[in-house]
Amino acid sequence: DQLAGGNASKGIEMIADGAVDLAAYGINFGISKDAQSNPLEYLKTAFEYKNNGDYKQSIDYFYKALAIESESTEIMSELASLYSKLCRYERSISFYEQILQREWDNNKIKYKLAHFLFRLHISKARPQ
């Protein structure tokens, strides 16, 4: 079973890539009681909102998934990305820093962190 065990990392990849027919697992846009212990329903809903451009709602559901899978750097990365889309660079930077605490060798995250530190610096340097 592809989604057995509530493996959030694998689940995120499969959901984001569209590799899983979530309806076959009984996962739909509504959140069931099972989501309290399994983040996949929250993740599915978060990606639906993200794909529809509703970043604030997406963030809410990624936080619910993160509450279950608190060490998931994939969920943290999604939150960082969404906060950057909302120009909330400080929140984005905070998540990238948390990821680097867990995965220091992650050069992709180092690049993103440097990028948003620069954007934050530029945004604060502009006259208002």
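Per residue, region 38-128 exposes 57 Å² of accessible surface when a 1.4 Å probe is rolled over the protein heavy atoms with every protein chain present. Counted by Cβ distance under 9 Å from residue 83, the other residues give a net charge of +2, where Lys and Arg count +1 and Asp and Glu count -1. Heavy-atom surface analysis with a 1.4 Å probe gives region 41-128 a carbon and sulfur content of 48 percent of its accessible area.
Using the Cβ of residue 100 as centre and a radius below 11 Å, the other residues enclosed give a net charge of +1, where K and R count +1 and D and E count -1.
The values are calculated or read from the model by the stated rules, or taken from the named source; none is laboratory data. Just so it is clear, the structure is predicted and the values come from calculations on it, not from any experiment. Because the Cβ atoms are built from the backbone with ideal geometry, glycine has one as well, and the counts that use them run over all protein chains shown. Just so you know, the surface numbers come from the protein's heavy atoms only, side chains and all, with ligands and any DNA or RNA stripped out. Shrake-Rupley method; radii C 1.70, N 1.55, O 1.52, S 1.80 Å.
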